[in-house]
Each structure stands twice: as structure tokens, then as C-alpha cells.
1. Would you confirm whether any residue within the stretch 74-82 is surrounded by fewer than 21 Cβ atoms within 10 Å (Cβ to Cβ), among the basic types (Lys, Arg) and without any contact (Cβ under 8 Å) to a residue 12 or more places away in the chain?
2. Considering each residue of the stretch 210-228, count those that are open to solvent by less than 10 Å² (accessible area, probe 1.4 Å) and more than 14 Å from Cys286 (Cβ to Cβ), and give that number.
3. Counting just the residues of the stretch 277-292 that are out of contact with any helix residue (DSSP H, G or I) (no Cβ under 7 Å at 6 or more places or on another chain) and at pLDDT 95 or above, which one comes out farthest from Ser141 (Cα to Cα)?
4. Of all residues being open to solvent by 20 Å² or more (accessible area, probe 1.4 Å) and under 21 Å from Cys286 (Cβ atoms) in the stretch 229-253, which is modelled with the lowest pLDDT? Just the residue, please.
5. Is it the case that Trp276 is of a type in the set (Phe, Trp, Tyr) and under 25 Å from Ile125 (Cα atoms)?
6. Condition first: at pLDDT 90 or above and either in a loop (DSSP other than H, G, I, E, B) or open to solvent by 70 Å² or more (accessible area, probe 1.4 Å) (or both). Now tell me which residues in the stretch 163-175 satisfy that.
7. Filter the stretch 364-390 for residues that are surrounded by 15 or more Cβ atoms within 10 Å (Cβ to Cβ), assigned to a helix (DSSP H, G or I) and among the charged types (D, E, K, R) and give the result.
8. Give me the pairs, please: first residue somewhere in the stretch 173-189 and touching a residue at least 12 places away in the same chain (Cβ under 8 Å), second residue anywhere and open to solvent by 70 Å² or more (accessible area, probe 1.4 Å) and charged (D, E, K, R), beta-carbon distance under 7 Å, and either six or more positions apart or on two chains.
Amino acid sequence: MSATSEPDLPEAGRPLLTTVAIIASCVAFVVIGALQALYGPAIPALREEYGIGPAVAGLSLSAHFVGALAGVLVYHLQRGRLNNRVLLGGSYVLMAAGAAAFAFSPNWVLALVGTFVIGLGFGGIDYGLNQLFAVGFGHRSTAMLNLLNGHFGLGAIAGPGLIGWLGADHYPEIFLGIGVISLLILLTLGGVAAREPRPAAAEGASTGGARVIPIIAAFIGIYVLHVAIETGVGGWEPTHLEVVGYGAATAATATSAYWAAMTVGRFVVAPLSLRWSAPSILIVCCAGMAGFLLLATVPVLAPYAYFGVGLMIAPIFPTCLPWLNRAVPGVGAAGAYVIAASMIGGVAFPPLLGGVIDTMDVKTVPLVLFVLAVVCGVLSLWLRRNAPDVGGVDRRRETGRTDAVAAP
């Protein structure tokens, strides 16, 4: 296919990522998924080694997320000056350096510095690869993003499992191993295009200045709210299930199943997104979240309902990002805004939800989250009307195109 028939691709029809680079990117997401999930299981060993309390040990995850947010912003601000290979390479090196510092730190302060540096690299990799996958595969970008983020879930499941198998006291070796893998991925960066193609507005895209701001705001709202629901269920599901009569072991198992559902959901949606548009998937997911959260108010159905919530939440992040890029192609910062918003939501919402529950009852958790899901649904309906996915599956059907992007 010629370059003129494939505006999604960089110069001369070359893909943004070769097959080797795609595989390496999936490995990278397994790595960052494992990293994010390792801090909690490592806390007992951290407390023993540094003589700190649970709250102080929990600062490791906070420092990681602060670094991740900074990493997203730094990566975005440098995109105009530095190419993708340099930015991704720097992110991998930062993550490896931070992992080594955290593993061998002589005191807690330096360990926190290490987690912050890990976060810087983490944020750059998260933002950089999500952005490349969002623009690099044409109508298949939604499928590829779901596939990429599904690997994050695999890492989040494997990380704690590795701690459980080797023991929390072996966390330094685990972090060091992750650093080595990060450095090995550097060898594949030659398969990453230095620059993305200049964005071109799709026919009918809402790029007028008066409409761009509300469209981006609606996407940010969906990202913040769905992450709020995600962390709300993950944090409060065990407590809610115990309050309505389940044992601690059952509640813990059900919560693990919820997180596994988020991984399964992304792999399941990947092929479906080749036939269904992003707006349709988002609306179904929002309606499904709301429906399952209502079912979670029924004690006998609650564990299964939370599993359903996980399935419905899973595709939202990777499905909305390509749609956002097509809806406002002239706003390069849009992706950075929503990814940063999702991180802020993950940090800020849990204590806010805790405050609400303090004034009410734990049994109201599903209803509080149901309200957020309804708002997500309203925003998704508004976006479908005001930011139609004209460059995605719907548009391809209208024009009769079946193969919008050449295989990488």
C-alpha cells in the first residue's frame, strides 16, 4: 500500500513499531505491571529491614506514583525536542537505575528516592508506549492497546506471585532482575520509529477550538471516574464482602478474581474492537459497570458482580485513547492529560471514598460507585454524539475499507 493511502503510518508506509518492538513493548508492560504490584507484598521485608511502620512503608507506592506522574509530564514536554527512541531509552534506563537503587539502598530515604526514579521511568514508558500504540495501527489501534495493557495485568498478577514464591526478603533480587530486563529492552529500540507521523484531522472530526476543550474534559472525566471505580472496588471489595457475611479468605479470593478479570477483559475485547467502534464499546462498558455494581448490593451475587465490574472496566483505558487522538488530532497534549488524570485519580480517590464511607456505611460502597458509573455513562453518550469516532471502525465500514493498516 502506498504512503498516500495510509496516512496513519510514518514515512514511506513504514510502521511505527516492528514486530520485535511490539513484542518488546508487551514485555515492558509486563515489567511495569509487576513493578506497580510489588510494593505491597514487599512491605513486610521493608519494615523489617528499615525499622519503619506500615504507613511509612506505604510511602514507597506514593513516591512511585508521584514519579510516574512527573514521568508522563516530562516525556510529553520533551516529545518536540527528543525522538521516541531517546525518550523510551531514557525511561528504561531510569527504571533500571531506580530499581537498583531501591534494591541496594542503605537507608529508607534513599530507597524512596529509588522508587521515585522508578516512577519517572514507569511514567515515561506508560505514556510513550500507549501513545505509540494509539496512533501506530490505524483502526487496529484499539485492539493493539487492549493487547498491550492486557500484558500490564499479567505483570500485576505475576509480581506478587513471584514475591510469594521467593519470599518477601528476596525483593532486592526481584527488583534488580526487573532492572536488567529493562536494560535488555533497550536493544529493541531500533524497531521504534523516531517520530510519529504528523496528525491529520479525520473528516468530520471535532477539531474546532470551541469544541476541543469540552471533548477533552469529557474524556478526562471518564478516565478519572473509571479509575476511581477501579481503585474503589479494589480497595473496598474485601471489606464490603466481609460485612455482608463472607469470610476473609473468600473475600480475598474474590478480590484477586476482580483484578484478574481486568486482565481477561482486555484480551477479550482486543478482537471485538476490530468489529465494534470505540463509542459502542465504551457505552456497553459503562452500562455494564453500573449494572454489575447494582448487582453487588445483593449479598449472594456480590462476589460474581465484582468480577463483572472488572471485566467492564478493563477495556475503557485502552479503548478511549485512540478515539481521543482521532477526535482531537491537533491537540498533542490530549493523551498526556488523560493519562496524568488517571494517575491522579488513582492516588486521590481512595481517601475521598474512605471519607464518604466514614459518614455512611460500608454496605453503600456499590451504590456510591454506581453513581460514578452512571456519570461515566452520561459522558460516553455525550462523546458519542459530539466526538464521533469517524476515523475508527464506523468510518471504515462506511467507506468499505477492511484493511486500513498494513501488518507491522
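1. Start the filter on the stretch 74-82 by keeping residues that are surrounded by fewer than 21 Cβ atoms within 10 Å (Cβ to Cβ), which leaves 74, 77-82.
Then keep just the ones that are among the basic types (Lys, Arg); that gives 79, 81.
Imposing the further condition that a residue be without any contact (Cβ under 8 Å) to a residue 12 or more places away in the chain reduces the set to 81.
Looking through the stretch 74-82, at least one residue is surrounded by fewer than 21 Cβ atoms within 10 Å (Cβ to Cβ), among the basic types (Lys, Arg) and without any contact (Cβ under 8 Å) to a residue 12 or more places away in the chain.
2. Residues of the stretch 210-228 open to solvent by less than 10 Å² (accessible area, probe 1.4 Å): 215, 218-219, 222-223, 226, 228.
Subsequent filtering for residues that are more than 14 Å from Cys286 (Cβ to Cβ) retains 215.
Qualifying residue count for the region: 1.
3. Looking only at the stretch 277-292, we keep the residues that are out of contact with any helix residue (DSSP H, G or I) (no Cβ under 7 Å at 6 or more places or on another chain), and these are 280, 284, 291.
Subsequent filtering for residues that are at pLDDT 95 or above retains 284, 291.
Details: Val284: 19, Gly291: 28 Å.
Filtering first and then ranking leaves Gly291.
4. Going residue by residue through the stretch 229-253, those that are open to solvent by 20 Å² or more (accessible area, probe 1.4 Å) are 230-231, 235-236, 238-239, 242-250, 252-253.
Next, from what is left, pick out any that are under 21 Å from Cys286 (Cβ atoms): 230-231, 235-236.
Details: Glu230: 87, Thr231: 82, Gly235: 77, Trp236: 83.
So the residue we want is Gly235.
5. Working: of a type in the set (Phe, Trp, Tyr): yes; under 25 Å from Ile125 (Cα atoms): no.
So Trp276 fails the test.
6. Glu173, the sole residue that qualifies.
7. Across the stretch 364-390, the qualifying residue is only Arg384.
8. Between residues of the stretch 173-189 that are touching a residue at least 12 places away in the same chain (Cβ under 8 Å) and residues that are open to solvent by 70 Å² or more (accessible area, probe 1.4 Å) and charged (D, E, K, R), the close pairs are Leu189/Arg85.
The values are calculated or read from the model by the stated rules, or taken from the named source; none is laboratory data. Quick caveat: nothing in here was measured; it's all calculated off a predicted structure. Every residue, glycine among them, receives a Cβ derived from its backbone with ideal geometry; neighbour counts consider all protein chains shown. With ligands, DNA and RNA removed, areas are computed over all heavy atoms of the protein, side chains included. Shrake-Rupley method; radii C 1.70, N 1.55, O 1.52, S 1.80 Å.
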